[in-house]
């Protein structure tokens, strides 16, 4: 990130004042340099709340957001609490994103309030690797509670915002106290490394590794950016598409965007 | 005749008929001598078994002897069993399994529930709060638990239903029929409380604390909860037991009993942990004018031996989350905390099942899926309209929920055969799964029922089954 030494010192100072008595939980790097570079501390802050929404038309019903969160949870240690109102996840897909289903404890609460209460309990506990909640609504006060709970224990909290209607796609959602907010949109998959004629009998080309447009829409202590990445592999790691990896301008540094400052 | 079964009732017999008359009406009638004592004991045993639903269960003798039912205070307990409807259905089904035909009703107060359970034709009935009065007024007088003979006397005066009686001025009625009539009416409508003495199993591990002055402050309740838990854990340790279920009862000065119940996934006797679980529920307790006695009982206890923990000093052990699972189970119900375990089945909707959150990890014999699987699976596949070349081409496009998707890339088919060794209906069934991607990059999992050639293998209609990320 572009910054002068003076700014750097100032940031450290601010972080120290903000931290107060809570312990420093460290960060979880994505292993993708472009993303880690724009995140303060060089990775996704542990002991903080992160919000993930799904972009696009919403036809996929939050599948990409779920796997993005699963990939993050997969790289933590310990059990993962996944709070939902209605079960529609497929365990084999979680395993394919690196998250062993044996590690995931599902809590199926009857309503959204219950979901928020469950993830708060999980975040306060401290023994979990990650706590995930799927909810359509998260009021500002609730997000603050979750953020404080995550800070107190050092567990990473992930809130998947499910959309009830497909019309609110452009809506960035109400303000929240989350440390980062991500928006994941499915992109056409990576082209398969197949020479043209060997599969020419196929009616349409095959599907390669999934690609996502990952937007970091809000980041406390950092700037927004967006990236084009390949979806989680079996270890939960994202990757930079190979044809982009060479293009420094695009992939080497995430594109810094001007986002309106929003006070949460 | 004291009791009869459905067949006997159909043959025209009635309760109260002399045995000789009954035998004359139905030749070859099987008669058994009544055993009121054994009946009462059996009912008592049922009451103890019904403790699984609620900490407050009693044999319902309020309708006059002999007792013919159970009464449960289910406030705050129903959601742990999937709601009131599900809980009542479960009760009736369990009783049916041991050969008892039962009817269950849930209502605002004991008096109303008593009447509905005995007067409703359906096996289970849940009356929404505040609606019992209207239903009650339509019931006949006999539902009111009046002393023998009184309903008939009232009937002679022209009273048919409870509503007729309730709408009359009370004083003249009581002058003639005594205060019992007024009391029963008030109990049915919930104007006066109706305390009952809950059953306790005989070999119960229980500690109690009486108070000279009634207590009510939340901090005081929490303090004594901790003291009682310590005492109970000591008692459990002496017996080598751990608690799976704890009931904390608060006897109020006005003769009502408030109850708090917690459950744990594994036997426990760690006072700090049990206290925390109990205190989390204390806010549901209404102390009213004060509480004069608290009782803490381990209504379900299992052997718990001391155990040496194995640890390698080199690596950090994985944190224990059993206490978190207990906390959440007590909040949203045990059945809603689970893990998903892979099942050896190619049919996607049967490829996973729920297991208890703290269950031992399976034998891991199920190989991981070889082909990409969708992150989200529709509970019921959604029919879609497609244009596709048979037998094995993916569709050119499909329409789902009124939106048309053009297929730009696709993989497949992945053929899934029906489990003919389990279900006859799937002897020939085949599904051909395709992974398709539209222009925007959205990836779907769709399938065609049938192999595209033979109609016996399926309807050849297309369905959407899941979403890839």
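The values are calculated or read from the model by the stated rules, or taken from the named source; none is laboratory data. Nothing here was measured: the structure is a model prediction, and the numbers come from that model. Neighbour counts run over all protein chains shown; Cβ positions are idealised from the backbone, glycine included.
Tell me, which residue of region A:110-120 that is in a helix (DSSP H, G or I) and out of contact with any helix residue (DSSP H, G or I) (no Cβ under 8 Å at 6 or more places or on another chain) is farthest from the other protein chains (Cβ to nearest Cβ)? Looking at the filtered set, the residue picked out is A:112. Taking the listed residues A:38, A:12, A:27, A:32, the one that is without any contact (Cβ under 8 Å) to a residue 12 or more places away in the chain and either farther than 26 Å from residue A:107 by Cβ or more than 14 Å from chain B (Cβ to nearest Cβ) (or both) is A:12, with no other qualifying.
Hey, which of the strands (runs of 3 or more DSSP E) in region B:1-112, taking only ones fully inside, have at least 2 residues that are free of Cβ contacts under 8 Å to residues at least 24 places away in the same chain?
In region B:1-112, B:104-106 are the strands (runs of 3 or more DSSP E) which contain 2 or more residues that are free of Cβ contacts under 8 Å to residues at least 24 places away in the same chain.
Residue A:136 meets all of the listed conditions (1) more than 7 Å from every other protein chain (Cβ to nearest Cβ); (2) in contact with a helix residue (DSSP H, G or I) (Cβ under 6 Å, 6 or more places away or on another chain) but one, namely (2). Of the residues in region B:102-117, none is surrounded by fewer than 12 Cβ atoms within 10 Å (Cβ to Cβ) and either at pLDDT below 85 or more than 17 Å from residue B:68 (Cβ to Cβ) (or both).
Checking the condition surrounded by fewer than 17 Cβ atoms within 10 Å (Cβ to Cβ), more than 24 Å from residue B:193 (Cβ to Cβ) and modelled with pLDDT of 90 or more, which residue from B:238, B:272, B:280, B:234 passes?
Every option except B:234 fails the conditions.
Looking for something surrounded by 16 or more Cβ atoms within 10 Å (Cβ to Cβ) and more than 14 Å from chain B (Cβ to nearest Cβ) - is there at least one such residue anywhere in region A:71-86? Break it down into steps so the answer makes sense when it comes.
Within region A:71-86, the first condition is being surrounded by 16 or more Cβ atoms within 10 Å (Cβ to Cβ), and the residues that meet it are A:71-76, A:78-85.
With more than 14 Å from chain B (Cβ to nearest Cβ) added as a condition, the list becomes A:75.
The answer is yes; a qualifying residue exists.
Restricting A:123, A:128, A:44 to those that are touching a strand residue (DSSP E or B) at 6+ places or on another chain (Cβ under 6 Å), facing chain B (nearest Cβ under 7 Å) and at pLDDT 90 or above reduces the list to A:128. Exactly one residue among B:138, B:152, B:89, B:134 is surrounded by fewer than 16 Cβ atoms within 10 Å (Cβ to Cβ) and more than 15 Å from residue B:188 (Cβ to Cβ), and that residue is B:152.
Yes or no, residue by residue, for (1) within 11 Å of another protein chain (Cβ to nearest Cβ); (2) within 30 Å of residue A:236 (Cβ to Cβ):
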position	(1), (2)
B:377	yes, yes
B:385	no, no
B:447	no, yes
B:457	no, no
B:467	yes, yes
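Taking (1) at the interface with chain A (Cβ under 8 Å from one of its Cβ atoms); (2) modelled with pLDDT of 85 or more in turn, residue B:361 satisfies each apart from (2). The single residue among A:170, A:149 that is more than 10 Å from chain B (Cβ to nearest Cβ) and modelled with pLDDT of 85 or more turns out to be A:149.
Each residue in region B:348-383 was checked for being in contact (Cβ under 8 Å) with a residue 40 or more places away in the chain and more than 30 Å from the chain's Cα centre (by Cα), and 7 of them qualify.
Screening residue B:142 with (1) without any contact (Cβ under 8 Å) to a residue 24 or more places away in the chain; (2) touching a helix residue (DSSP H, G or I) at 6+ places or on another chain (Cβ under 8 Å); (3) under 29 Å from residue B:262 (Cα atoms); (4) not in a loop (DSSP other than H, G, I, E, B) gives one miss only, at (3). From the list B:195, B:218, B:214, the lone residue that is touching a residue at least 40 places away in the same chain (Cβ under 8 Å), more than 20 Å from residue B:265 (Cα to Cα) and under 27 Å from the mean Cα position of the chain (by Cα) is B:195.
Among the listed residues B:373, B:404, B:409, which satisfies the condition of being more than 27 Å from residue B:422 (Cβ to Cβ) and crowded, with 19+ Cβ neighbours inside 10 Å? So that I can check it myself, show each step before the final result.
Working: B:373 fails: more than 27 Å from residue B:422 (Cβ to Cβ); B:404 fails: crowded, with 19+ Cβ neighbours inside 10 Å.
Criteria check complete, one pass: B:409.
Against the definition (at pLDDT below 90 and within 12 Å of another protein chain (Cβ to nearest Cβ)), how does residue B:422 come out, yes or no? Give the steps one after another, and end with the answer.
Values: at pLDDT below 90: yes; within 12 Å of another protein chain (Cβ to nearest Cβ): no.
Here the answer is no, as residue B:422 does not meet what is asked.
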